[in-house]
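For reference, the structure is listed below as structure tokens.
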């Protein structure tokens, strides 16, 4: 049997045409080339991300976004389903997520972290 020796071989039959396919093929091509420039570019991006995060998190007097959103109490609503948009201004919000509130514990929006609970459960 034929056993691949390169661990970067990826089955491209799962990727259908379009921009994602061409991006995927480009990534495969660039990752399979052992050029130092590809590694250098990855290191630069990685360094930028870690430096940005480290710079933002080094000031302990500021709260992280997760800490800030956890300070918001659960929002009480009367119906079974709530539509979370993240903000009253659509330009500042996120895609609408419809959240079912059948359980007694607060339901969390997957985009912004706001919590919702039915009025009669509490």
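Values quoted throughout were computed directly from the atomic coordinates according to the rules given, and no laboratory measurement underlies them. Every value quoted in this text rests on a predicted model; they were computed, and no experiment measured them. Backbone-built Cβ (ideal geometry, glycine too); neighbour counts: all protein chains shown.
For region 56-100, please list each of the strands (runs of 3 or more DSSP E) lying entirely inside it that holds at least 2 residues being free of Cβ contacts under 8 Å to residues at least 24 places away in the same chain and more than 13 Å from residue 115 (Cβ to Cβ).
On the way: elements: 75-77, 81-84, 97-100.
Of the strands (runs of 3 or more DSSP E) lying wholly inside region 56-100, those with at least 2 residues that are free of Cβ contacts under 8 Å to residues at least 24 places away in the same chain and more than 13 Å from residue 115 (Cβ to Cβ) span 81-84, 97-100.
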Taking region 101-119 and keeping only residues that are without any contact (Cβ under 8 Å) to a residue 40 or more places away in the chain and not in a strand (DSSP E or B), one is left with 101, 102, 103, 104, 105, 106, 109, 110, 111
